[in-house]
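*Asks:* Questions regarding the structure given below will be posed in turn.
None of the figures in this text is laboratory data; all of them are computed from the coordinates on show. Because the structure is predicted, anything quoted here is derived from the model rather than measured. Here the Cβ positions follow ideal geometry from the backbone for every residue, glycine too, while neighbour counts run over all protein chains shown.
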Amino acid sequence: MRKLLVLGVTGATITLLAFYGRSTAGEETGFKVDPREYRSWNHVKSMVIFGKDHPLYNPFWGIHHVYVNDRGLATIKKTGKRRFPDGTVLAVVFYDHRPADGNTAYVEGLKRIEAFMVKDSKRYKETDGWGYYAYDGKGRSLVKDMVRDCHSCHSQVRDRDFVFSVWTR
Ligand code: HEC
């Protein structure tokens, strides 16, 4: 069964269209936001990981951009302790870094990974309210166990509500 989740956000526009997949047995099979949606959210920050010694190099090398929907915008701008409201979604998208302009610059190449954090404190009790989902460039799921694969590392920033990114000023 597929369920369409529509989160209306107050203000002029913005409806988030995202899919929660459910197998017939009821267990979760996925959550994904289309790039046409998250690319029009709020850009939080970008980063280029190119050094093999960087702790995130494998598998997160390349150029990445982080986005937040309107629901989490005010909270991500906070510098200290913060707590995101239910309905917050964060997206991070990773691209190959492709040489451009005769090897004097890098631009985004092939999309490698799309990862999402979705806040729902009732649904994701075991991971402190966050659902974690990630897909490779072909759309195959990369998450087998949210705690082991994602939440354990994000727990380093428990005081920032498990979200590493801070708003670029
Ligand atoms: C080894 C540690 C580590 C693991 C494992 C990890 N992440 Fe992250 N994640 C990070 C770091 C560090 C950032 C911040 C990157 C930056 O500053 O640009 C991040 C950023 C993110 C963001 C953007 C919001 C934020 O926290 O900044 C999302 C969404 C995300 N990760 C999802 C996932 C998912 C889904 C998984 C599991 C497949 C996962 N992460 C596994 C370290 C990790």
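*Asks:* Across the range 43-160, how many lysine pairs, 8 or more apart or on two chains, come within less than 22 Å at their alpha-carbon atoms?
*Replies:* Qualifying lysine pairs in the range 43-160: 16.
*Asks:* Once phi is turned into ³J(HN,Hα) by the Karplus curve 6.51 cos²θ - 1.76 cosθ + 1.60 with θ = phi - 60°, what whole-Hz value does each residue of the range 47-57 show in order, with x for glycine and proline?
*Replies:* Coupling constants for the range 47-57: 7, 10, 10, 10, x, 5, 7, 5, x, 9, 3 Hz.
*Asks:* Can you figure out the FRET efficiency of Lys78 with Tyr57, using R₀ = 30 Å and their beta-carbon distance, to the nearest 0.05?
*Replies:* Plugging the Cβ-Cβ distance into 1/(1 + (r/R0)^6) gives 0.55.
*Asks:* Amide H of Lys32: which non-local residues (sequence gap of 5 or more, or other chain) have their own amide H closer than 5 Å, using H built in the peptide plane?
*Replies:* Result for Lys32 returns Phe19.
*Asks:* Continuing with this model, one more query. Across the range 155-169, in residue order, what do the Karplus-derived ³J(HN,Hα) couplings come to in whole Hz, using 6.51 cos²θ - 1.76 cosθ + 1.60 with θ = phi - 60° and x for Gly and Pro?
*Replies:* Values per residue, Gly and Pro as x: 5, 4, 10, 3, 5, 9, 6, 6, 10, 6, 5, 10, 5, 6, 9 Hz.
*Asks:* For Trp61, what residues show an amide H to amide H distance below 5 Å, using hydrogens built from the backbone and excluding near sequence neighbours?
*Replies:* Under 5 Å from the amide H of Trp61 lies no amide H from a residue far enough along the sequence or on another chain.
*Asks:* Continuing with this model, one more query. Please state, rounded to one decimal and in Å, the Kirkwood hydrodynamic radius that the range 43-160 gives when every pair of distinct Cα atoms enters the mean of 1/r.
*Replies:* It works out to 15.5 Å.
*Asks:* Under the Karplus relation 6.51 cos²θ - 1.76 cosθ + 1.60, θ = phi - 60°, what is the ordered set of whole-Hz ³J(HN,Hα) values for the range 79-90, x standing for Gly and Pro?
*Replies:* Each residue's phi maps through the Karplus curve to give 8, x, 4, 8, 9, 7, x, 4, x, 5, 10, 10 Hz.
*Asks:* Oh, and also: Ranking request for peptides 157-163, 62-68, 46-52, 101-107: highest mean number of other beta-carbon atoms within 10 Å first, then the rest in descending order.
*Replies:* Top to bottom by mean Cβ count within 10 Å: 62-68, 157-163, 46-52, 101-107.
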